[in-house]
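Engineer: First the structure, which I've put down as C-alpha cells, then a few questions once you've had a look.
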Amino acid sequence: MNEQWIEIRKSGDYVKMGEELGISPVCARIMRNRGLTDVSLMRSFIEDVSDAGHDAFLLYSMNVLVKVVLEKIRDKEKIRIIGDYDVDGICATFILYKGLTYLGADCDYTIPHRIEDGYGINIKLIDEAKEAGVDTIITCDNGIAAKVQTDHANELGLTMVITDHHEVPFETIDGERRSVLPNADAIVDPKLDADKYPFKGICGAYVAYKVIEALSKEAGKDGCEAYDDLKRELKEFAALATVCDVMELTDENRGLVKSGLKLLADSKNTGMRALIEATGLKGKVLSVYHLGFVIGPCLNASGRLDTSLKALSLFLDTDSATAMQKAIELKELNESRKQMTLDETAKAIETVSEAETIDKVIVLYLPTCHESLAGIIAGRVKERFFRPTYVFTDAEKGIKGSGRSIEAYDMFEELNKVKDLLTKFGGHKMAAGVSLSKENFEELKRRLNENCDLKDEDFKDTVKIDMELPFSYATLGLARDIERLEPFGTGNPEPLFARRDVTFLSGRIMGKNGNAARYKVSDGDGRVYEMVYFGDLSELEDYVESVYGKEKRELLHMGRSVNIKLDVCYKLTVNTYNNIDSVNMTLKYYR
C-alpha cells in the first residue's frame, strides 16, 4: 500500500459542542475537521442547508448578458446554444434551452462532436450558425478560451455571449501574468479576474442556471407557478452536473446537491425518470454515488462513443415509451464503454509496469484506444501509480490526449510552459485536454518531466483520517448522526475512521460476482464485529501473503480461523433491510 495515513488533529471541546447541537461528540469533531470553527457554523451546516444560492447578479457582467439576451428575445432574433459533450455541458445546454424557451426565445442548440469537433466552439460551428440564420451564439461550459473563434464570429456579424466556469487563459509578459479574453458581447465566468462572486467553484450548468434566474427576474417572469416548476426541473440538472464535474460540495453547491438528490428521486422530467428506471435506481434513495457513477457515466458514454445529442434528446422527450428506449440505449452504450476502458487500462498499466523506471509525469501513447476514453484511462493509471498522467491516442489531425493530475501538480500551469509544442490545450489544475502533432510527442514527454519538480513524498496518496475510533463507538446512533452531514463528495469527504491492530478472525467472499468480502473482526474489547470490503480482493490477498505467508492468504476467505492483525481505515453507514436499520462498517484502507 502506497498511502500515507494522517489523522486530522484540530482542538475543540467536542463533548460540549455535541451537547449544544444534540449530536455525538464524534460528529462535532468531524465538522471541526471540515473547517467549521464554532457551534453556530456547525448548526447551520446540519440544519440550514439552503438551495437558494447566491444572487445571480453578483456574477461579473451578468447585467450585460441580461441586457443583450433579452433584447435578442424581444427582437425575435435567432439564438443558438453551443454546449459541450460531457455531463456538465449536456446539462448546461438543457438548462439554457429550457430556460430560453420559457422566456419566449427563438433558439436551438448543438453540441460539438467529441472526435469530429473536439472540445468547445470552433470555426465550423460558427460558420454553420451563420448559414442557418443565427444572430446570437450563447456558449455554455466552454468559450472562455475561444478568442480566435470569437473574433471569427465578430467578423461574420454574430453576437457572442459566453458562459463558462473554466480557468481563464493567460500569457506571461515581462514576468506579469495577463488574462487573454475573447472579445465577446458578454462573458459570465466566476473565474474572471474582475469577478467578485462569493463562490468560485460552480460548474458550467450552475452558471447556466443562474443565467436563466437572472433573465427571468429581469423579464418579470420569476413569480409564477410555471417558473417554480421550471426551476425545480433545472435544479435537478444543475445538481447532477455539479457532482459529475467533481465540484466541491461546499457553500451553495452543498445545498444545491442536497436538494437536487431529492428532486431527482421524484423527477418530473420524462427522460430523467426513464434513465433512473433503466439503471435500476427507481424507488431508491439517491446518493452522490448514484449520480457520479451510475447516471453520469451513461450521459458521458453518449458523448464518448456516439453523440451527446442523444442524451439531450432523451431529456427533451415527453413520451415515456420513446424515452425508455433512449435511456436503455444510453445504458448499453455505457456497458460497451466499460469493457473498452478495462481493455485499454490493462494495456496502459502493463506499459508503465514494464518500464525500467516510472517517470515523474507519465505520458503514454495508446494507438488502439478510442480517443474519448483517454481521460478515464489516464485517471485509472494516475490512481494506480499516483503520478500525473497523460494518455494520448491517434486523432484526425495529429494526436490528442487527456491528463489527470495529483494535488501537488498543477497540470494547466505546466502545460503553459510547453504550449509551443501544442496545437491546442485547456483544462485546470487537476485535468487537461491536449492536442499536438505526433512528432512532438517525445519532446513533450521529455520537457514535462524535465520541468517537473515533484519530490518523492508527492507520489504518495494522503489518506486523511478524522480520528481513531474503537469499534464499540461505531454505533447506529453515530451512523445516523453522520448522515446529517451529507451529501459527501469533493470538499466534504465521507468521514473516515482508523483502528490499529484489528484482528481478522475469518472472512468469506460475497456477492454474485465475488467482488466483495465480509469479515469477522475484533479490536481487543472482547466483542466480534462484522466488516465488509468492496475493494480489490486479490490485492488484499497479496498483501496478507507478503506479511503473513501463503497459508494465511489461503485461509483469509475460506470462513475458517485466520487470526491476522491489520491496521484499518473504515467508514460507517446505515444499512436498511426489511425496514430494519443497522450499522455497517466498511473497510477502505489497510496496512
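Engineer: From the set of residues in segment 532-564 that are within 28 Å of the chain's Cα centre (by Cα) and among the hydrophobic types (A, V, I, L, M, F, W, C), which is surrounded by the most Cβ atoms within 10 Å (Cβ to Cβ)?
Structural biologist: Leu540
Engineer: Considering only residues of segment 113-125 that are in contact (Cβ under 8 Å) with a residue 12 or more places away in the chain and farther than 16 Å from Thr163 by Cα, which is nearest to the chain's Cα centre (by Cα)? Before you say what the answer is, go through the steps one by one.
Structural biologist: Initial filter on segment 113-125 (in contact (Cβ under 8 Å) with a residue 12 or more places away in the chain): 113-116, 118-123, 125.
Narrowing further to those that are farther than 16 Å from Thr163 by Cα: 113-116, 118, 123, 125.
Values: His113: 21, Arg114: 19, Ile115: 22, Glu116: 24, Gly118: 20, Ile123: 29, Leu125: 27 Å.
So, considering only residues that are in contact (Cβ under 8 Å) with a residue 12 or more places away in the chain and farther than 16 Å from Thr163 by Cα, the one nearest to the chain's Cα centre (by Cα) is Arg114.
Engineer: Let me ask something else about it. Among the residues in segment 128-139, are any in contact with a Gly (Cβ under 6 Å, 6 or more places away or on another chain), touching a residue at least 12 places away in the same chain (Cβ under 8 Å), crowded, with 24+ Cβ neighbours inside 10 Å and not basic (Lys, Arg)?
Structural biologist: no
Engineer: How many residues are touching a Gly at 6+ places or on another chain (Cβ under 8 Å) and surrounded by 20 or more Cβ atoms within 10 Å (Cβ to Cβ) if we restrict to segment 45-66?
Structural biologist: Going through segment 45-66 one residue at a time, the tally reaches 1.
Engineer: Please state which of the following conditions Val288 fails to meet, knowing it meets all the rest: (1) under 21 Å from Leu316 (Cβ atoms); (2) buried (at least 22 other Cβ atoms within 10 Å of the Cβ); (3) outside the structural domain of Cys140 (by TED's automatic domain parsing).
Structural biologist: Single failed check for Val288: (1).
Engineer: Provide a single number: the residues in segment 368-412 that are within 18 Å of the chain's Cα centre (by Cα) and either basic (Lys, Arg) or closer than 13 Å to Lys429 by Cβ (or both).
Structural biologist: Total satisfying the criteria: 11.
Engineer: Go through segment 151-174 and count every residue that is among the polar types (S, T, N, Q) and crowded, with 24+ Cβ neighbours inside 10 Å.
Structural biologist: 1
Engineer: Looking at (1) assigned to a strand (DSSP E or B); (2) within 29 Å of the chain's Cα centre (by Cα), which is the only condition Thr172 fails?
Structural biologist: (2)
Engineer: Does segment 18-31 include one or more residues that are more than 25 Å from Pro487 (Cβ to Cβ) and either outside the structural domain of Leu256 (by TED's automatic domain parsing) or in contact with a strand residue (DSSP E or B) (Cβ under 8 Å, 6 or more places away or on another chain) (or both)?
Structural biologist: Taking every residue of segment 18-31 in turn, at least one turns out to be more than 25 Å from Pro487 (Cβ to Cβ) and either outside the structural domain of Leu256 (by TED's automatic domain parsing) or in contact with a strand residue (DSSP E or B) (Cβ under 8 Å, 6 or more places away or on another chain) (or both).
Engineer: Something else now. Mind telling me which of the residues Glu332, Glu344 ends up being surrounded by 19 or more Cβ atoms within 10 Å (Cβ to Cβ) and under 23 Å from the mean Cα position of the chain (by Cα)? Can you show your working first?
Structural biologist: Working: Glu332 fails: surrounded by 19 or more Cβ atoms within 10 Å (Cβ to Cβ).
The match here is Glu344.
Engineer: Which residue out of Lys284, Lys331, Lys310, Lys258 is farther than 23 Å from Glu383 by Cβ and not in a helix (DSSP H, G or I)?
Structural biologist: Values: Lys331 fails: not in a helix (DSSP H, G or I); Lys310 fails: not in a helix (DSSP H, G or I); Lys258 fails: not in a helix (DSSP H, G or I).
Exactly one of Lys284, Lys331, Lys310, Lys258 is farther than 23 Å from Glu383 by Cβ and not in a helix (DSSP H, G or I), namely Lys284.
Engineer: Across segment 501-534, what is the number of residues that are in a loop (DSSP other than H, G, I, E, B) and either in contact with a strand residue (DSSP E or B) (Cβ under 7 Å, 6 or more places away or on another chain) or on the phi > 0 side of the Ramachandran plot (or both)?
Structural biologist: Number satisfying all stated conditions: 7.
Engineer: Among the numbered criteria (1) within 27 Å of Leu373 (Cα to Cα); (2) in a strand (DSSP E or B), which single criterion is violated by Lys464?
Structural biologist: Here Lys464 clears every test but (1).
Engineer: For segment 430-457, which residues satisfy the criterion of being in a helix (DSSP H, G or I) and crowded, with 17+ Cβ neighbours inside 10 Å?
Structural biologist: Scanning segment 430-457 gives Asn440, Phe441, Leu444, Lys445, Arg447, Leu448.
Engineer: Only one of these is crowded, with 24+ Cβ neighbours inside 10 Å, at pLDDT 95 or above, of a type in the set (A, V, I, L, M) and over 21 Å from Asn142 (Cβ atoms): Val257, Val207, Val188. Name it.
Structural biologist: Criteria check complete, one pass: Val257.
Engineer: Just checking: which of the strands (runs of 3 or more DSSP E) contained wholly in segment 1-110 hold 3 or more residues that are in contact (Cβ under 8 Å) with a residue 60 or more places away in the chain?
Structural biologist: Correct list: 4-7.
Engineer: Something else about it: Can you find even one residue in segment 544-558 that is modelled with pLDDT of 95 or more and assigned to a loop (DSSP other than H, G, I, E, B)?
Structural biologist: Yes: one or more hits.
Engineer: From the list Glu530, Glu541, pick out the single residue that is in the same structural domain as Arg508 (by TED's automatic domain parsing) and either basic (Lys, Arg) or closer than 21 Å to Gly477 by Cβ (or both).
Structural biologist: From the options Glu530, Glu541, the qualifying one is Glu530.
Engineer: Okay, moving on. Would you mind telling me which numbered condition in (1) in a helix (DSSP H, G or I); (2) surrounded by fewer than 21 Cβ atoms within 10 Å (Cβ to Cβ); (3) not β-branched (Val, Ile, Thr) Asp359 fails?
Structural biologist: Result: Asp359 passes all but (1).
Engineer: Select from segment 368-403 the residues that are basic (Lys, Arg), in contact with a Lys or Arg (Cβ under 9 Å, 6 or more places away or on another chain) and free of Cβ contacts under 8 Å to residues at least 40 places away in the same chain and list them in ascending order.
Structural biologist: Going residue by residue through segment 368-403, those that are basic (Lys, Arg) are 380, 382, 384, 387, 397, 400.
Going one step further and asking which of them are in contact with a Lys or Arg (Cβ under 9 Å, 6 or more places away or on another chain), we end up with 380, 382, 387, 400.
Hits for segment 368-403 are Arg380, Lys382.
Engineer: Going through segment 411-445 one residue at a time, which ones are in contact (Cβ under 8 Å) with a residue 60 or more places away in the chain and out of contact with any Asp or Glu (no Cβ under 9 Å at 6 or more places or on another chain)?
Structural biologist: Of everything in segment 411-445, those that are in contact (Cβ under 8 Å) with a residue 60 or more places away in the chain and out of contact with any Asp or Glu (no Cβ under 9 Å at 6 or more places or on another chain) turn out to be Lys424, Gly433, Ser435, Phe441, Leu444.
Engineer: Does His152 satisfy the criteria of being in contact (Cβ under 8 Å) with a residue 24 or more places away in the chain and not in a loop (DSSP other than H, G, I, E, B)?
Structural biologist: On the way: in contact (Cβ under 8 Å) with a residue 24 or more places away in the chain: yes; not in a loop (DSSP other than H, G, I, E, B): yes.
So His152 passes the test.
Engineer: Additional query: Would it be correct to say that Lys338 is at pLDDT 95 or above, part of a helix (DSSP H, G or I) and under 18 Å from the mean Cα position of the chain (by Cα)?
Structural biologist: It is false that Lys338 is at pLDDT 95 or above, part of a helix (DSSP H, G or I) and under 18 Å from the mean Cα position of the chain (by Cα).
The values are calculated or read from the model by the stated rules, or taken from the named source; none is laboratory data. None of the values given here were measured: they were computed from a predicted structure. Methodologically, a virtual Cβ is constructed for each residue, glycine included, from the backbone with ideal geometry; neighbour enumeration extends over all protein chains shown.
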